[in-house]
1. Give, rounded to the nearest 20 debye, the magnitude of the charge dipole that the stretch 77-166 has about its Cα centre when Lys and Arg contribute +1 at Cβ and Asp and Glu contribute -1 at Cβ.
2. How far, in nm, would the chain grow between Asn57 and Leu163 when pulled straight, counting 0.36 nm per residue and subtracting the alpha carbon separation?
3. On a full-extension model of 0.36 nm per residue, what is the gain between Thr125 and Thr96, subtracting their alpha-carbon distance, rounded to one decimal in nm?
4. Mind giving me the nanometre distance, one decimal, between the label points for Ser140 and Thr115, set 7 Å out from Cα along Cα→Cβ?
5. What ranking of Val148, Val82, Val114 comes out by heavy-atom accessible area, probe 1.4 Å, highest first?
6. Using the heavy atoms of the protein chains and a 1.4 angstrom probe, tell me the accessible area per residue for the stretch 92-168 in square angstrom.
Amino acid sequence: KYSKEKKKEITIKADNKDMTYGGSAPTYTYTVTPYVKNIKGSSSEKQVTITPSSVTNFRNTAKTDTSLTLAWDTNTTGDGYVIQMLYGTTWKTIKTVSGNATTSCTITGLAPSVTYNFRICTFKTAYGRNYYSAFSSKMSAITLPSAVTGFTNPVKTDKSLTLSWNKN
């Protein structure tokens, strides 16, 4: 609806196309049927592109031996974010963040001293469906080595110092 004096309305009928992540810009086809003074007019099919902007400045901001904190810049064109991690040759969604105000998340349960690869995209919800931006470039991050354990008091002599600890 628009215009205070002229109450014009449009009816939007959604199609049932499947949406995929990334790739070219997704499009949404709808039918517009104008109504003027409750008299049904003609219909015409239009195509609209609903594509949020891609995420920028995707980075690793903190790490431990079992976790990585990922961060990115706010994307005001989206309603949330999808984070994927590479498992072998397959990207799998590991986190969906609702709302565009959240700009970081911590991935836990990781192994020490391992390189992990991540990517992120934005999604926009419209007409009861999610539409996705292209994914970011792959971002790699390495967890820290695990902490040394079993460190004992040094044994010293006049000419040497012996240190010992458990092997990780």
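The values are calculated or read from the model by the stated rules, or taken from the named source; none is laboratory data. Please read these numbers as outputs of a predicted model, since none were measured by experiment. Positions of Cβ are generated from backbone atoms using ideal geometry, with glycine treated the same way; all protein chains shown enter the neighbour counts. Please note that ligands, DNA and RNA were not included when accessible areas were found on the heavy atoms of the full protein model with its side chains. Shrake-Rupley method; radii C 1.70, N 1.55, O 1.52, S 1.80 Å.
1. Working: 8 positive and 2 negative charges, 36 e Å.
Computed charge dipole of the stretch 77-166: roughly 180 debye.
2. Values: separation 106, 0.36 × 106 = 38.16 nm, distance 4.35 nm.
In short, 33.8 nm is gained.
3. 9.1 nm
4. Once both label points are built, they end up 0.2 nm from each other.
5. Solvent-accessible surface, decreasing: Val148, Val114, Val82.
6. Per-residue accessible area for the stretch 92-168 comes out at 65 Å².
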